[in-house]
Structure formats: structure tokens, C-alpha cells
1. Got at least one residue in the range 76-94 being within 20 Å of MET1 (Cα to Cα) and in contact with a Leu (Cβ under 8 Å, 6 or more places away or on another chain)?
2. So which residues in the range 13-28 are surrounded by 17 or more Cβ atoms within 10 Å (Cβ to Cβ) and not in a helix (DSSP H, G or I), if there are any at all?
3. Scan the helices (runs of 4 or more DSSP H) fully inside the range 63-138 and keep the ones with 1 or more residues being at pLDDT below 90, farther than 30 Å from VAL44 by Cα and over 32 Å from the mean Cα position of the chain (by Cα).
4. Look at the range 29-44 and say how many of its residues are assigned to a helix (DSSP H, G or I) and either in contact (Cβ under 8 Å) with a residue 60 or more places away in the chain or under 20 Å from ASN8 (Cβ atoms) (or both).
5. When the range 3-12 is examined, which residues are found to be in a helix (DSSP H, G or I) and out of contact with any Lys or Arg (no Cβ under 8 Å at 6 or more places or on another chain)?
6. Given the conditions (1) out of contact with any Phe, Trp or Tyr (no Cβ under 6 Å at 6 or more places or on another chain); (2) modelled with pLDDT of 95 or more, which single one is not true for LEU35?
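The values are calculated or read from the model by the stated rules, or taken from the named source; none is laboratory data. These figures come from a predicted structure and were not determined experimentally. Glycine also receives a Cβ, built like all others from the backbone with ideal geometry; neighbour counts cover every protein chain displayed.
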Amino acid sequence: MTRVWKWNRPVTVREVLEDLQQERSIAYTTVMTVLDNLHQKGWVRREAEGRAYRYEAVSTRAAYAAALMNEAWSQSDNPAAALVAFFGMMSEEQRQSLTDAVRIVQGPEALAPPAPDAETPAETGAESTESSGETRGTPGQSPDHPGR
């Protein structure tokens with residue numbers, strides 16, 4: 001599959017063979033058998049071209065990797081713990097790629113830090129009470145003892 005993905009277009013057995021032979025000796029029939037097996041498994045589709053076939057990947061390498069990760073994650077009895085362990089194994093570069101991917105999927109606002117001029121209740125010293133809608137406390141005062 002690596003060679004089919006590398007070409008990123010429909011390839012013949014001969015093209016894959018010549019590519020592989022740059023690294024090692026391999027028989028034409030071996031490459032033909034492997035590509036046929038990949039076709040039978042649904043990983044590649046093929047189209048006749050004369051007496052030969054052109055093989056093309058059904059999905060991208062990235063989609064295949066994502067499917068493997070999803071399958072492994074879904075088999076966990078504790079998906080959150082599995083993710084934490086997986087993130088712990090990642091390099092800084094991989095974590096940055098993950099952050100970038102989340103931004104793409106959820107939009108840039110999903111991971112954006114709050115605006116520098118935005119104040120939160122903790123910063124103003126104010127706490128909202130749900131029952132009355134009032135704001136209790138001011139900086140320097142205890143909510144239970146207003147004079148303190």
C-alpha cells in the first residue's frame with residue numbers, strides 16, 4: 001500500500017515492481033499477487049488497461065491511519081484513559097498537529113484563548129448567584145461579612 005499511496009495515481013504492477021527493485025530483488029508475480037490480494041480485500045480498485053490492470057488506493061493513507069486509531073480507541077473499556085495515555089506518548093510536534101487538527105474540525109474559535117481585554121467573574125471579584133441574579137461581593141469584601 002505504501003507504494004500505491006506514494007504514486008498517488010493509478011499504477012501498474014510493472015511500475016510498483018520497478019520502484020521496489022530499487023531497494024531489493026523481488027519477482028513480478030509477487031507484486032502482482034500482493035496487489036491482487038489488496039484488491040480482494042477492498043484496499044485498492046483496479047481498472048483493466050490492455051492486458052494489465054492499473055491499481056488505485058480506495059482511501060488515503062491518512063484515512064487509513066484514522067480508521068486504525070478509531071478502531072483501537074473504540075475497543076478500549078476506558079476511552080478517556082486510552083486518549084490520555086496516547087497523548088502522553090506523543091511528541092511535542094504530534095501534539096501541535098493534534099491542536100491544529102482540532103482547530104480545523106471545530107473552527108479556530110474552539111481553542112482560541114480569551115481576548116486579553118475580556119474580564120471573567122474571577123478577575124472582577126464578582127460572583128453571580130443563580131437564584132437571585134444578583135452579584136455578590138466586591139474586591140476587598142467578604143461576601144458573608146460586607147465590612148471586611
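1. Checking the range 76-94: not a single residue is within 20 Å of MET1 (Cα to Cα) and in contact with a Leu (Cβ under 8 Å, 6 or more places away or on another chain).
2. Those that are surrounded by 17 or more Cβ atoms within 10 Å (Cβ to Cβ) and not in a helix (DSSP H, G or I): none in the range 13-28.
3. 121-124
4. Here the count works out to 5.
5. Those that are in a helix (DSSP H, G or I) and out of contact with any Lys or Arg (no Cβ under 8 Å at 6 or more places or on another chain): ARG3, VAL4, LYS6, TRP7.
6. For LEU35, the exception is condition (1).
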